[in-house]
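What follows is a short report on a single structure.
The values are calculated or read from the model by the stated rules, or taken from the named source; none is laboratory data. These numbers were taken from a predicted model, which means no experiment stands behind them. Methodologically, a virtual Cβ is constructed for each residue, glycine included, from the backbone with ideal geometry; neighbour enumeration extends over all protein chains shown. Surface accessibility is based on the protein's heavy atoms, side chains included, excluding ligands, DNA and RNA. Shrake-Rupley method; radii C 1.70, N 1.55, O 1.52, S 1.80 Å.
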Amino acid sequence: MINKVLLDEEGRKYYWTKGDLSTHLGTIKEKDIKNKYEVKSNLGKKFIVLDANFLDNLSKIKRSSATTHLKDIGAMLVYTGINKESIVLEAGSGSGQLTALLSRFVKKVYSYEKNKNSYELTKKNLDFLNISNVELKNEDLKKAKEKNLDLVVLDMLDPWNYINKISKMLKKSSYVVSYLTNVNQISSLLNGLKKEFIVEKIIEVNEREWISKGIVLRPEHWGLVHTAFLLFARKI
């Protein structure tokens, strides 16, 4: 686990776990990092020391080629109304970023990942983050037996093939959210949802950071635009 985050005068981040921290701006002693808010390296460069939080540690997990972006996860958390008493299931854990963030907001997460490599990566990342309320399974969602769920999140190529399955697993009025990369997938899923669900919204979340440096205050030239479509449907 990361314990501290150091910021240099340019705003660059350095992560510290233990021991002296070596950077291109010099070395900072462990005793200084532990006990001071402002420190200097042996080269005289200044750093601010902050306590690391969950997102700092999340940023250091190992990722696969595809991951669920934070901007999309935020929409899932808000628009489904889940809380600390919720029991949720996800299918397609990838590298575990969504899994980890869901675990912070709910009582229990069941995570299904049929790909062995992705399963092992997620397991390793959850162990690194010291998360204990996730039950991770190296199985296809078709084998799931959970009932009375408050939310199901599908991050898979063919979610429409699982609609009958998840309909039996969800509580009435609860949500299924599907993370989809193209319009053809949305069309196929809509056809499968007609009988047992009401589609509440289909959205994409765009994000663009701004630069604030000296007299400069403007948007970045590039933004994190389309990553996926989010389809929210509610069981009736």
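What the table shows:
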read-out: Cβ-defined net charge surrounding Asn42, 10 Å radius [Lys, Arg +1; Asp, Glu -1]; value: +2
read-out: At q = 0.26 Å⁻¹, base-10 log of I(q)/I(0) for the stretch 176-236 (Debye sum, equal scatterers on each alpha carbon); value: -1.03
read-out: Volume of the Cα convex hull of the stretch 70-186, divided per residue and given in Å³; value: 100 Å³
read-out: FRET efficiency, Met1 to Glu139 (Cβ-Cβ, R0 22 Å, nearest 0.05); value: 0.15
read-out: More than 19 Å apart - percent of Cα-Cα pairs taken over the stretch 29-126; value: 54 percent
read-out: Extension gain, Val199 back to His69 (0.36 nm per residue minus Cα-Cα distance, nm); value: 44.6 nm
read-out: Average accessible surface area per residue within the chain, 1.4 Å rolling probe, Å²; value: 57 Å²
read-out: Net charge, Asn206 excluded, C-beta distance under 14 Å - Lys, Arg +1, Asp, Glu -1; value: -3
read-out: Stretchable slack from Val225 to Lys46, in nm (0.36 nm times residue separation minus alpha-carbon distance); value: 60.9 nm
read-out: Amide proton proximity set for Asn3, modelled H, under 5 Å, gap of 5+; value: Trp16, Thr17
read-out: Coil-residue trypsin sites (Lys or Arg not before Pro) of the stretch 108-151, DSSP, other Cβ within 10 Å capped at 16; value: Lys145, Lys147
read-out: The chain: translational diffusion in µm²/s, Stokes-Einstein, Kirkwood Rh over Cα pairs, 10 °C, 1.306 mPa s; value: 80 µm²/s
read-out: Full-stretch length increase - Lys165, Lys107 - with 0.36 nm per residue and alpha-carbon distance subtracted; value: 18.7 nm
read-out: Solvent-accessible area, 1.4 Å probe, carbon plus sulfur percent, for the chain; value: 50 percent
